[in-house]
Amino acid sequence: MIHDFKSLLVTQEGPVLTVQLNSAETGNALSGEMLDELLTVLGALDDDSGIRVLVFSGAGEDFCLGGDRAEFPALLAEDPTGVGLRALGNKARRVCDALASTDAVTIARLHGGVVGAGVGLAVFCDLRVGADTCRFRLPELGLGVPPAWGGIMPRLLHEVGTARIRELILTADTFDATTAQELSILHKVVPEEQLDRAVTQWIKPLVRRSPSALRTAKLMLNAYTNVNRLADATLFDAELLSSALTVAAATRR
């Protein structure tokens with residue numbers, strides 16, 4: 001399970017796997033390389049792995065400041081039609097799908113900035129705890145792109161509610177940890193020095209649960225969450241993001 005990754009730090013202690021986004025110099029921006037490595041980790045979580053709990057955290061001052069926007073110009077330069085951007089968007093979708101469907105219980109340990117795609121990665125985790133100094137934002141409209149990363153929209157609508165998500169997306173306002181808890185983006189808010197303790201309080205009972213019961217419970221939660229979705233419009237997320245960035249680049253030229 002342990003690999004020598006470039007942008008992740010992965011450690012295992014018994015049935016608990018900890019994955020730290022390890023690119024502090026970029027604010028742990030979710031680059032194509034980091035998404036590939038996340039897919040490798042998540043792809044290894046089968047029944048034989050023995051992993052019961054998966055904890056996500058971030059190195060440095062922030063959990064994750066969003067997608068790696070520095071990649072976009074290079075991908076457009078390689079192919080102005082946006083093929084590379086669509087591939088990047090599809091990787092994000094596969095990561096979020098894998099997070100939602102894994103049998104392991106996933107925990108997001110959040111601190112500092114949690115922005116854009118960082119919010120997406122967090123809300124696809126089962127349980128989320130944040131430091132009381134966390135700052136959240138959905139900035140996509142302010143950057144001239146649609147909020148189309150990894151299938152985040154229906155997840156946010158279900159977890160938070162349409163009216164509040166509409167406000168956060170249209171205003172792109174920053175909000176704090178207390179507000180995030182009120183919106184159910186966070187389950188717990190604690191002082192930063194107590195984050196590890198809060199995560200451990202969740203882990204201890206989870207590793208004692210029956211693996212088959214946990215697996216069934218997650219299957220049921222996912223099934224009931226998706227029961228009213230007649231069509232999955234998030235399949236178009238990569239196309240929407242690619243088209244918006246391609247048009248914006250052409251306009252600038």
**Asked** What is the extension gain from Glu167 to Lys6, computed as 0.36 nm multiplied by their sequence separation minus the C-alpha to C-alpha distance, in nm to one decimal?
**Response** 54.3 nm
**Asked** Which whole-number value in Å² is the accessible area per residue of the chain, probe 1.4 Å?
**Response** 48 Å²
**Request:** Quick one: among Arg197, Arg128, Arg93, which has the greatest mean-square fluctuation in a GNM of the chain with alpha-carbon springs under 10 angstrom?
**Result:** Arg197
**Message:** Let me understand region 1-66 better: what is its radius of gyration from the alpha carbons, and its Dmax, in angstrom?
**Reply:** 11.7, 35
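Return the carbon/sulfur percentage of the accessible area of region 8-207, one whole number, probe 1.4 Å, all protein chains in place. Before the final figure, lay out the partial values.
Working: 4080 of 8140 Å².
Of the solvent-accessible surface of region 8-207, carbon and sulfur hold 50 percent.
Just to make sure I understand: if all protein chains stay in place, what is the order of Lys204, Lys218, Lys6 by accessible area at 1.4 Å, largest first?
Numbers: Lys204 120, Lys218 15, Lys6 160 Å².
The ordering from most to least exposed comes out as Lys6, Lys204, Lys218.
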**Request:** Sequence neighbours fewer than 8 away in the same chain don't count; with that in mind, list the lysines whose C-alpha is under 22 Å from Lys188.
**Result:** Lys204, Lys218
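Summing -39500 (n - 2.57) over the DSSP H runs of n ≥ 4 in the chain and dividing by its residue number, what mean residue ellipticity at 222 nm do you reach, to the nearest 500 deg cm²/dmol? Spell out each step's value before the answer.
Working: 10 runs with 114 residues, N = 253.
So the calculated ellipticity at 222 nm is -14000 deg cm²/dmol.
What is the ratio of the Cα radius of gyration of the chain to 2.2 N^0.38 Å, with N the residue count, to two decimals? Before the final figure, lay out each step's value.
Numbers: Rg = 17.6 Å, N = 253, 2.2 N^0.38 = 18.0 Å.
The chain yields a ratio of 0.98.
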**Fill in**
So, relative contact order of the chain in percent, Cα under 8 Å, 6 or more apart, is 20 percent
**Asked** Could you name the lysines in cross-link range of Lys6, using Cα to Cα under 26 Å and dropping any fewer than eight places away on the same chain?
**Response** Lys91
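Suppose every Lys and Arg Cβ carries +1 and every Asp and Glu Cβ carries -1, with no other charges. What dipole size does the chain come out with about its Cα centre, to the nearest 20 debye? Don't jump to the answer; show the numbers that get you there.
Details: 24 positive and 31 negative charges, 130 e Å.
Approximately 620 debye in magnitude.
I need the calculated FRET efficiency for the pair Ala44 and Asp79, taking r as the beta carbon distance and R₀ as 51 Å, to the nearest 0.05.
Values: r = 31 Å, r/R0 = 0.61.
Step by step, r from the Cβ atoms, then E = 0.95.
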**Candidates Pro205, Pro147, Pro191, ranked by Gaussian network fluctuation over the chain, Cα under 10 Å, top entry** = Pro205
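The values are calculated or read from the model by the stated rules, or taken from the named source; none is laboratory data. The structure presented is a predicted model; accordingly, all values stated were derived computationally and were not measured. All Cβ positions, glycine included, derive from the backbone under ideal geometry; neighbour counts span all protein chains shown. Ligands, DNA and RNA are stripped out before the accessible areas are found, and what is left, the full protein with its side chains, is counted by its heavy atoms. Shrake-Rupley method; radii C 1.70, N 1.55, O 1.52, S 1.80 Å.
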